[in-house]
Amino acid sequence: MSVSEQVIHVVAETLNVSSSTITKESTAENTNGWDSLAHVNLMIALEQTFDITLDVEDFAKLNSIQAITEFIEKMKN
Amino acid sequence: MEKNPNDYLATQTRRALKEQAFNWSKDLSLPEARALTKRLNEEEPPEKEFRLGIVHTYTSNLLDPWLNFHAIVQGIDLKTYHAPYGLNLMESRKGSGLYAHAPDMILFMLTLDDIHPGFSKPDSRLHLDQQYDLFEDAVKRVLGILTLFRTNTSARIVLTILPPIMPPALGIYDVHSGCSENLWRTSLKKQFATALSNMIESSFFFDMDQMLAEIGGFHFFDFRFWYTSRFPFTPLAANEFARRLVNLMTISICPKAKVIALDADNTLWGGIIGEDGINGIALGPEYPGNTYVDFQRRLLHFQQRGFILALCSKNNAEDVYEVLDNHPHQILRRHYFAAERINWLPKHENLLSLSNELNLGLDSFIFVDDSNHECDIIRSQLPQVEVIQTPSKPVEIPRCLEQINRLEIISLTAEDTLKTQLYAQEKQRKQFRQDTVALDGDLNSYLASLKMKMHIEIDSRKNIARLAQLTQKTNQFNVTTRRYSEQQILDFVESNAWTVSSFTLNDIFGNSGIVGLALFRKLNDEAIEIDNFLMSCRIIGRSAESAFLYAMLNHFATIGITQFTATYLPTQKNSLVVDFFSTHGFVAGNGAGCYKRDLSTSPVDKNLFPPIEIEIEDTDK
């Protein structure tokens, strides 16, 4: 699975929706249920799935599939 | 079972997960917990619904996936309502969202600062004279708030206070200080708990400090989420919090556990007594014997909680008794066990006969054994028994029962702490009965030789908790199985329309504690309805029920009450008393299970009284 596919999977699971409803273009703004509370559990899920530690300052930036994917690819390299 | 976490996630049944002897779930990630929740929901949909309401002054919604996860493992379909953020007293009213949710339990997640603004001023907490007033005020406020909520709901009320995020004001000097913060926090917590027990019916103080001590501060708080979202917990802490909370729910809705039935070899000690001999088994101050010593000590703790211990071992009895009586490091001596089955019969047969001897249903048994084979047999033959397989690594044995929900308690009475002793007396009594009846073949002379004395208390306020507990826990000798809370029992005691009567029974072997209860409701000056009549199964077979009933009928007759009505309401467990009224001079009344008796035409015949001396203590209202 590519990083972006994994990210889509984690986001869908956290929001409790089917993976097919989340795409590479999904953002917090255009996605139902991706509110500030769900965002906290998303941060936790990303940390645990990709074995990374996020900084508070990164939380707000990680607000779209694209931003998260790029961020994780950068961290993993 | 191999401890590969993926096994748990992919294949284990709910029962296998629930009966694990170690904390397999504590390191699960959030996605793993979610995936497992989903799988269990699909494969084994939960049978029981539980409705939780949360009133909170810090973020609680993020607990949901963890709560749902632990609930589904226990077979609970959890429906959670989070009240709007804040200590909103409007939520206590009829018509609020909380009220509409009809919760079975309301959890209050508060911080000290929310309870009283005095706690957010560091100075005031450091002067002993000011502390006293502050604490008194804080307890009053908590009681005031919870009483408001209590008015419109019968849900269990659970209060928890978030531990301080910061170390004590005085740092490492705290314990030396005359107003140690750790000390006053503990004392305040105790005051909250006491106030809840005394003043708020069906309430509980959920002590988060215990959980903090287990997890450790570094792993408990996540400051990133606290300062950005007012959510204090790491995933580890959120997970453990949810586990403990679901534990409280399980205790409320599952059949109560009463007996821990223990294997001996490789459970109470390392090795096999029949092969290794008393000097060869592992039990003592060195590894691995010290792990078994600790486990035995832990089992005694469970006994103090009110669970009774029984032994179920495939061995020659004399080999096991030699360890119980003579091994220098054995802690659980013979008298700690309420009953034993040490023989070569299949263990499910032994559990059945233990259940008969102790008069306790199999669904109140927890079976602990190291053998795969024995555990499987019990699971398949006696599915109502909870089966815990002891871990193969000795270091994991002492804590192997810590995850078992039904071994936690939320109330404790004097009878609970004495229970094994009471069962041990019963064991002696049975032996005595066999001997006496064998001698002259007469049950009545056996009863007479027990020299029984019954002490009846009427409308006493002394033992409300025990009386409520009797209505909650008694299943077999219970004519209507109407369950009452402490508050309801107290109301009956204080009401002129009701008579609450209970008894203790004393004989040559000891005192039973309070074992019988009858509730009478006055219909008019001459007539009474028997609302309930119940007795602990521990004393069945001593005619105490007849003595108690006749004594009460006579008591009422002396004050001019002669008309009695009674009802038998059948349940799956109370067929024992189906004929109770008809064999005690009552005739059929109007409707199924209804009985009546007119003492003016059929008074109690003194000759029917069993050989029990009776004493009545009546508290005037």
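The values are calculated or read from the model by the stated rules, or taken from the named source; none is laboratory data. A quick note: this is a predicted structure, and the numbers were derived from the prediction, not measured. Here Cβ is always computed from backbone atoms with ideal geometry, including for glycine, and neighbour counts include all displayed protein chains. Only protein heavy atoms, including side chains, enter the accessible area calculation; ligands, DNA and RNA are left aside. Shrake-Rupley method; radii C 1.70, N 1.55, O 1.52, S 1.80 Å.
What is the antiparallel percent of DSSP beta bridges lying wholly in the range B:437-618, to the nearest 5?
Counting DSSP beta bridges with both partners in the range B:437-618, the antiparallel share is about 75 percent.
Which whole-number percent gives the relative contact order of the range B:437-618, counting Cα pairs below 8 Å spaced six or more residues apart?
Dividing the mean separation by the residue count of the range B:437-618 yields 27 percent.
Of the peptides B:37-45, B:442-450, how do they stack up when ordered by the mean number of other Cβ atoms within 10 Å, highest first?
The packing order, highest mean first, is B:442-450, B:37-45.
Putting +1 on Lys and Arg Cβ atoms and -1 on Asp and Glu Cβ atoms, find which of B:His335, B:Leu345, B:Gly591 reaches farthest to the positive end of the dipole of chain B.
Most positive-ward Cα: B:Gly591.
Run the numbers on the range B:205-225: which residues show a drop of 30 Å² or more in accessible area, chain on its own versus all protein chains together, using a 1.4 Å probe over heavy atoms?
Correct list: B:Arg224, B:Phe225.
Between B and A, buried accessible area summed over both sides at probe 1.4 Å, in Å² to the nearest 100?
1400 Å²
Within the range A:25-66, find all residues whose amide N lies under 11 Å from a label point positioned 7 Å from the Cα of B:Lys38 along Cα-to-beta-carbon.
Nothing falls inside the zone, counting backbone N under 11 Å.
Could you work out the Rg to Rh ratio of the range B:292-444, with Rh taken as the Kirkwood radius (inverse of the mean 1/r over all Cα pairs)?
Details: Rg = 16.4 Å, Rh = 16.9 Å.
Rg/Rh for the range B:292-444 comes to 0.97.
For the range B:551-604, what does the accessible surface come to per residue with a 1.4 Å probe? Please give it in Å².
Dividing the accessible area of the range B:551-604 by its residue count gives 51 Å².
What does the highest-first list of A:34-40, B:500-506 look like by mean Cβ count within 10 Å?
My ranking of the peptides, most packed first, is B:500-506, A:34-40.
Quote the Stokes-Einstein diffusion coefficient, in whole µm² s⁻¹, for chain B, based on the Kirkwood radius over alpha carbon pairs, a temperature of 4 °C and a viscosity of 1.567 mPa s. All intermediate terms of the calculation are to be shown ahead of the outcome.
Values: Rh = 27.3 Å.
Using the Kirkwood radius from Cα pairs, D works out to 47 µm²/s.
Would you mind computing, in nm to one decimal, how far apart the modelled labels at B:Ala414 and B:Asn444 are, each placed 7 Å from Cα along Cα→Cβ?
So the label points at B:Ala414 and B:Asn444 sit 3.5 nm apart.
So if we plug the beta-carbon distance of B:Val587 and B:Thr194 into 1/(1 + (r/R0)^6) with R0 = 45 Å, what FRET efficiency do we get, rounded to 0.05?
About 0.35, to the nearest 0.05.
With the convex hull built on the Cα atoms of the range A:3-76, state its orientation-averaged projected area in nm².
4.2 nm²
Using Cα-only point scatterers and the Debye equation, what is log10 of I(q)/I(0) for the range B:447-517 at each q in 0.14 Å⁻¹, rounded to two decimals?
-0.47
Could I get the Rg over Rh figure for the protein assembly as shown? Both from C-alpha atoms, Rh via Kirkwood, rounded to two places.
Here the Rg-to-Rh quotient is 1.01.
Leaving out ligands, DNA and RNA, and with a 1.4 Å probe, what % of the accessible surface on the protein assembly as shown is carbon or sulfur?
Details: 16080 of 31390 Å².
Ligands and nucleic acids excluded, carbon and sulfur reach 51 percent.
Please list log₁₀ I(q)/I(0) at q = 0.11, 0.16, 0.20 Å⁻¹ for the range B:203-310, using the Debye equation with identical point scatterers on the alpha-carbon positions.
Results for the range B:203-310 at q = 0.11, 0.16, 0.20 Å⁻¹ read -0.60, -0.92, -1.05.
Multiplying the sequence separation of B:Lys26 and B:Ser380 by 0.36 nm and subtracting their Cα-Cα distance, what value in nm do you get? Provide the component values of the computation, followed by the final result.
Working: separation 354, 0.36 × 354 = 127.44 nm, distance 2.86 nm.
The span from B:Lys26 to B:Ser380 would gain 124.6 nm if fully extended.
How about the range A:1-35: which of its residues lose at least 40 Å² of accessible area in the presence of all protein chains relative to their chain isolated, using a 1.4 Å probe?
Those residues are A:Glu13.
Counting heavy atoms of the protein chains only and a 1.4 Å probe, report the per residue accessible area for the range B:186-263 as a whole number of Å².
39 Å²
With +1 on each Lys and Arg Cβ and -1 on each Asp and Glu Cβ, and nothing else charged, work out how big the dipole of chain B is about its Cα centre, in Debye to the nearest 20.
Using Cβ point charges on Lys, Arg, Asp and Glu, chain B gives about 1120 debye.
Taking only the Cα atoms of the range B:56-137, how large is their convex hull per residue, in Å³?
131 Å³
Working from the alpha-carbon coordinates of the range B:437-618, get Rg over Rh, Rh being the Kirkwood radius.
0.95
Pairs of Cα atoms under 8 Å, at least six residues apart: use those to get the relative contact order of the range B:310-466, whole percent.
18 percent
Per-residue mean of other chain beta-carbon atoms within 10 angstrom of the beta-carbon, peptide B:29-36?
For this peptide, the per-residue mean of nearby foreign Cβ atoms is 5.
Based on DSSP, what percent of beta bridges with both residues in the protein assembly as shown are antiparallel, to the nearest 5?
Roughly 40 percent of the DSSP beta bridges within the protein assembly as shown come out antiparallel.
On a straight-distance basis, which lysines could pair with A:Lys74 in a cross-link, Cα separation under 27 angstrom, same-chain partners fewer than 8 positions away excluded?
A:Lys24, A:Lys61
So what are the three principal axis dimensions of the range B:257-373 from its Cα atoms, in whole Å, longest to shortest?
38, 31, 26
How high is the FRET efficiency from B:Glu494 to B:Glu617, r the C-beta distance, R0 22 Å, rounded to 0.05?
0.80
Using a 10 Å cut-off on Cβ to Cβ distances, tally the other chain neighbours for every residue of A:36-48 and report the average as a whole number. Each step should come with its number before you reach the end.
Numbers: counts 3, 7, 2, 2, 10, 13, 1, 5, 13, 7, 2, 3, 7.
Mean shielding by partner chains, rounded to a whole number: 6.
In whole Å, how far is the Cα centre of the range B:455-522 from that of the range B:546-609?
Here the answer is 17 Å between Cα centres.
Over the range B:391-493, with the other protein chains present, what is the accessible area per residue in square angstrom, probe 1.4 angstrom?
Ligands and nucleic acids excluded, the figure is 47 Å² per residue.
Could you pull out the GluC sites (Glu not before Pro) across the range B:228-310 that fall in loop regions by DSSP (anything but H, G, I, E, B) with no more than 11 other Cβ atoms inside 10 Å?
Counting only loop positions with at most 11 other Cβ atoms within 10 Å, the GluC sites (Glu not before Pro) in the range B:228-310 are B:Glu286.
Sum up the charges of everything whose Cβ sits under 10 Å from the Cβ of B:Gly510, counting Lys and Arg as +1 and Asp and Glu as -1, but leave B:Gly510 out. Don't jump to the answer; show the numbers that get you there.
On the way: positive: B:Arg429; negative: B:Glu426, B:Asp507.
Net local charge, B:Gly510 excluded: -1.
What does the convex hull of the alpha-carbon atoms of the range B:495-535 project to on average, in nm²? Each step should come with its number before you reach the end.
Working: hull surface 14.0 nm².
Dividing the Cα hull surface by four gives the mean projection, 3.5 nm².
Quote the charge dipole size of the protein assembly as shown about the Cα centre in Debye, to the nearest 20; the model charges only the Cβ of Lys and Arg (+1) and of Asp and Glu (-1).
About 1180 debye.
Could you sort B:587-595, B:186-194, B:531-539 so that the peptide with the highest average Cβ count within 10 Å comes first and the rest follow in order?
B:531-539, B:186-194, B:587-595
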